[in-house]
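Comments concern the structure below.
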Amino acid sequence: MVRILIVEDEIIIARFIERQLQSNFNCSTRIAVSSAEARTAMADVLPHLLLCDIHLEDELSGIHLVSELRRRYAFEVIFITSYQTRTIIEQAAAANPANYLIKPIDEMQLFAGVQLVISRIQSNGQTGKAFLQPNTLFSDTELRILQLIREKKTTQEIAETLHLSRYTIKNHRHAICRKLDLRDENNALLKWVAENGVFIK
Amino acid sequence: MLKSHFLALEDRKGTLSATELLKNPSALVPLDALPKGSPTSYYWLRTTLQTSKMATDPGQVLSFTNLSYVDVFLYQGDSLVSHQQTGAFRGRNYISETDGRLYVTLPLEPGKTYSLLLQVHHTKHYQPIFDFTLQTRRSYYRKVRVKESLDAALQGAVCIFFVYTLLSWLVTRYRLYLWLLIFITGLGLYAISSAGYFIDWFFPDDPATGWLFNKHFLDFGMLGLYLLVRDFWKIRSNYPRYYAWLKWMPVLLLASSVTYILIEYFTGNYSLTNTIQLWEHPLFMALAISALITCWTNLNHAQRYLAYGIIVIGCTGLAITITSLFLHERSLAVAPTFGAIAILCVFLLFATGLKEEMRQHEVAKQAVLKEFNNLQQHQNIILEKKVEERTEELKISNRRLQKQKFMLAERNAKIETLINELNHRVKNNLQLLYSLLSLQLPIVKDGVSRDILKGNIGKIRAMMLVNQKLFNFENGHNVSLCEFITELAVHLQKIYDTKGQTRIQQNIPAGIQLSDKHTLSFGLILSELFTNTFKHAFRDHPDPCIRVEALTLSDHLLQFVYADNGNCLCEHENQEKFTMGIPLIKDLTRQMNGQMTVSKDKGLSYSFTIPV
């Protein structure tokens, strides 16, 4: 099931979009009518997809909101907005959206715009999670080690890069496995990194 | 000359009288044989005069130089013909009209023999010199006249220069002229005093006192010269080490003056002071020479005139000193003339120097002024240039601003047109929707569909009202709540309550305003509330009434209450009909970031808390 967050300050429009999504896709939705609501909802839902209006609370805060959330969460974005000037579209492009839909929008346009993105989300599984932040689950050093593991470095190579002893690195790897509830073997960690590598910043 | 004819006697105590000596001629010895005695003793001189029978000149004058007191007794045989008093220090009242301070006119008659007795008392401590001369009055007066006219000419010149310097000083206030004035005053008075005129003019009755001033005039003049050199050559600033020595010069002059006046006043020993002064001269000479050597190389054209003057003074001083060494007291006869001529030369040199200096000052001043003028002109040119540049810049920027203004005005006009167009479209479209739905209303027979259609017409009406209120430029972007509710209520009543039975009670303070952000949501909520009430609450109600109240809770919080007195049982009966209404109201309240509570009293009562 794909999790979708709709950020739209006109609630009637948001309800319309919600209805369309629910009838066309196997998804769960949530509506946020302001940036503040969006931030809270983001942490609760960890959505795969964000449908976002650019015009929130009388300003162009949609783009800022997306840029801000991108630092902490992995998700796809579709902007749905009535703005069609070149400069605003360019600004929005900087936030790397999956699509850009221009209002007024009807059921078919919405379906087509969202369909492509949802199929991509279902195929690659690189969205719908928060990035690993330092000092939450892992320490700085552990995150750095995870990055190096993602780069396919051996324990020996990691030790040389970080100017630490091989045994220290081993200890760190054990700690990471414990935190991730993995069985203490090399392959388990490698597998985890292969699956979740994109969430390591 | 009578010197060789005199018989002389030294009278140390001054007790002898003329008659005693006349009776005792053997006491006198020839002057050549007289042993050298005390300079201050009384001396008696005697000689015999034989007048010729054919005398053409009736007056014979006995003259001398310098002797302080001389008594002249003239005897014919034993009888006293005349007793005349004279001498350099003799008061005027002692001297008869025909005599002077340094001469007497003897009343000699032709063809007779006289015996001449002179009592000489010289108080100045010089060895007295008995240079008595007997000559005809005419030849003596001629000599005196020559000397006096020469003196008068020189002193006149000095006076003129004095006045000239005084005026120069008064006019220019140039300090060096004051020093020059001191110099010329001192030396001029010294010359006048040395020649005896000072005594004649100011102390005729007490010549000894008048003579006391003589040397001090010279010192005064020297002080002037010292000051002149000091300031003109700028010794104080240019040669501070040398000045450390030179600054004691006035003290030295003062000390010597005080010494002279004490010695001369109490002892009358002019010979001693003269000797001291003679020994002082080399000191002053050395000072002058040292000053010349020290400063010469740095002196400019004007300042060198002063140096020439000092050299002349030095030479004159040397000459006077030498004459004084050889002639002793008799040098007083030539010194004044010498001095006066030297003063004139020196004064001319000094005055030329000062004039030159002033001219150079003037030249320098002119040069500076010219430079200053040039600078000012240059500055003016620069300033003008700057002003021009600035003006040009301003012109350019003005043009640019004009262009921008024009462009802005154009753009403004365009924007206004666009906004009007947009406004028109929005209104038109809303009107189209409203008209379309209204047209469809009679066609739809199904009750439920009619209700939905009516609800939508009401909402579009609310939107139209909001649009109309908001895009009124004069009122800004706020809408009066009271006005808004009244108008909306009227419209909705027209749609649902065609008979107009429902009372609408409003209690809304006039000042409450809604921001544009919230107006539409609020309008939709209101429309939904009215629709609900009209549709469900007042079926067969005898006295339908709607109450609308608002009050401000705080600066940013508004409480809004909507209540009807309708049939609350309807809520349960028409449960499914509320499904659209209440959630929409909740959603819209959420969008306004507000709170909503529903309560049942007589009818339904909705209470909203909305941030403004």
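Some notes on this structure:
- Shape of segment B:1-123, Cα gyration tensor, a/c cut at 1.5: oblate
- Calculated from backbone phi, Karplus (6.51, -1.76, 1.60) coupling profile of segment B:22-38 in Hz, x at Gly/Pro: 4, 6, 10, x, 6, 5, 8, 10, x, 4, 5, 8, 5, x, 5, x, 5
- Accessible surface of the protein assembly as shown, 1.4 Å probe, proportion on carbon and sulfur as whole %: 58
- Calculated FRET efficiency for the pair B:ALA367/B:ILE415, C-beta based, R₀ 56 Å, to 0.05: 0.20
- Residue ranking by accessible heavy-atom surface, 1.4 Å probe, largest first, among A:MET1, B:MET407 comes out as A:MET1, B:MET407.
- A Gaussian network model of chain A, with springs between Cα atoms under 10 Å, assigns the largest mean-square fluctuation among A:ILE105, A:ILE31, A:ILE12 to A:ILE12.
- Relative to the longest principal axis of the Cα atoms of chain B, helix B:270-295 runs at roughly 40 degrees.
- Among the trypsin sites (Lys or Arg not before Pro) found in segment B:137-193, those both in a DSSP coil and sparsely packed, with 11 or fewer other Cβ atoms within 10 Å of their Cβ, are B:ARG173.
- Proximity of backbone amide H atoms, modeled 1.01 Å from N, is registered between A:ILE80 and A:CYS52, A:ASP53, A:ILE54, A:LEU101 at under 5 Å, excluding neighbours fewer than 5 places apart on the same chain.
- Per residue of B:587-595, other chain Cβ atoms within 10 Å of the residue Cβ number 4 on average.
- Of B:SER554, B:SER26, B:SER515, B:SER41, the order by accessible heavy-atom surface (1.4 Å probe, DNA, RNA and ligands excluded), from most exposed downward, is B:SER26, B:SER554, B:SER515, B:SER41.
- Electrostatic bookkeeping for A:PHE79 treats Lys and Arg as +1 and Asp and Glu as -1; over the other residues with beta carbon under 13 Å from its beta carbon, the sum is -3.
- Leading residue at positive end of dipole, segment B:186-328 (Cβ point charges), from B:ALA208, B:TYR242, B:ILE261: B:TYR242
- Within the protein assembly as shown: Cβ-based charge dipole about Cα centre, in debye rounded to nearest 20 (Lys, Arg +1; Asp, Glu -1): 1460
- Charge dipole (debye, nearest 20) of segment A:140-199; +1 at Cβ of Lys and Arg, -1 at Cβ of Asp and Glu: 80
- Counting DSSP beta bridges with both ends in chain A, the antiparallel % (nearest 5): 10
- Averaging the sequence gap over all C-alpha pairs within less than 8 Å and six or more residues apart, then dividing by the number of residues, gives segment A:62-175 a relative contact order of 24 percent.
- Basic side chains Lys and Arg get +1 at the Cβ, acidic Asp and Glu get -1 at the Cβ, and with that the dipole of segment B:478-611 about its Cα centre reaches some 120 debye.
- Helix B:175-194 axis, angle to chain B major axis (alpha carbon atoms, nearest 10°): 10
- Solvent-accessible area of B:LYS517 with every protein chain in place, 1.4 Å probe, in Å² to the nearest 10: 110
- Exposure of A:LEU180 as accessible area (Å², to 10), given a probe of 1.4 Å and all protein chains: 40
- Site pair B:SER480 and B:THR294 shows an inter-label distance of 10.3 nm when each label is modelled 7 Å from Cα along Cα→Cβ.
- In segment B:22-109, the trypsin sites (Lys or Arg not before Pro) that fall in loop regions by DSSP, at most 14 other Cβ within 10 Å: B:LYS36, B:LYS53
- Contact order relative to length of chain B, as percent, for alpha carbon pairs under 8 angstrom and 6 or more apart: 8
- For B:LEU604, distant residues with modelled amide H under 5 Å away: B:ASP564, B:GLY566
- The residues of segment A:83-201 expose, per residue, 63 Å² of accessible area to a 1.4 Å probe.
- For segment B:558-567, 3J(HN,Hα) per residue [Karplus equation, 6.51 cos²θ - 1.76 cosθ + 1.60, θ = phi - 60°, Hz, x = Gly/Pro]: 10, 9, 10, 10, 10, 9, 10, 9, x, 7
- Counted by Cβ distance under 15 Å from A:GLU37, the other residues give a net charge of -4, where Lys and Arg count +1 and Asp and Glu count -1.
- Of all DSSP beta bridges in chain B, antiparallel share, percent nearest 5: 95
- Karplus (6.51, -1.76, 1.60) ³J(HN,Hα), θ = phi - 60°, over segment B:379-395, in Hz, Gly and Pro reported as x: 4, 4, 4, 4, 4, 4, 4, 4, 4, 4, 4, 4, 4, 4, 4, 4, 4
- The angle between the Cα long axis of helix B:214-232 and the main principal axis of chain B comes to about 30°, on a 0 to 90 degree scale.
- Our helix-only sum for the protein assembly as shown, with -39,500 (n - 2.57) per DSSP H run of n ≥ 4 divided by its residues, gives a mean residue ellipticity at 222 nm of -19500 deg cm²/dmol.
- Accessible surface ranking that places the most exposed of B:GLU371, B:GLU549, B:GLU362 first, with a 1.4 angstrom probe: B:GLU371, B:GLU362, B:GLU549
- Rolling a 1.4 Å probe across all protein chains gives B:ASP540 an accessible area of roughly 150 Å².
- Sites matching trypsin sites (Lys or Arg not before Pro) across segment B:402-482 that sit in DSSP coil, with at most 12 neighbouring C-beta atoms within 10 Å: B:LYS445
- DSSP H segments from chain A that extend 24 Å or more along their own axis, Cα-based, with Kyte-Doolittle mean of -0.5 or above: A:107-124
The values are calculated or read from the model by the stated rules, or taken from the named source; none is laboratory data. These figures come from a predicted structure and were not determined experimentally. Using ideal geometry, Cβ is built from the backbone for each residue, glycine included, and neighbour counts are taken over all protein chains shown. Note: accessible area is taken over every heavy atom of the protein model, side chains too, but ligands, DNA and RNA are not part of it. Shrake-Rupley method; radii C 1.70, N 1.55, O 1.52, S 1.80 Å.
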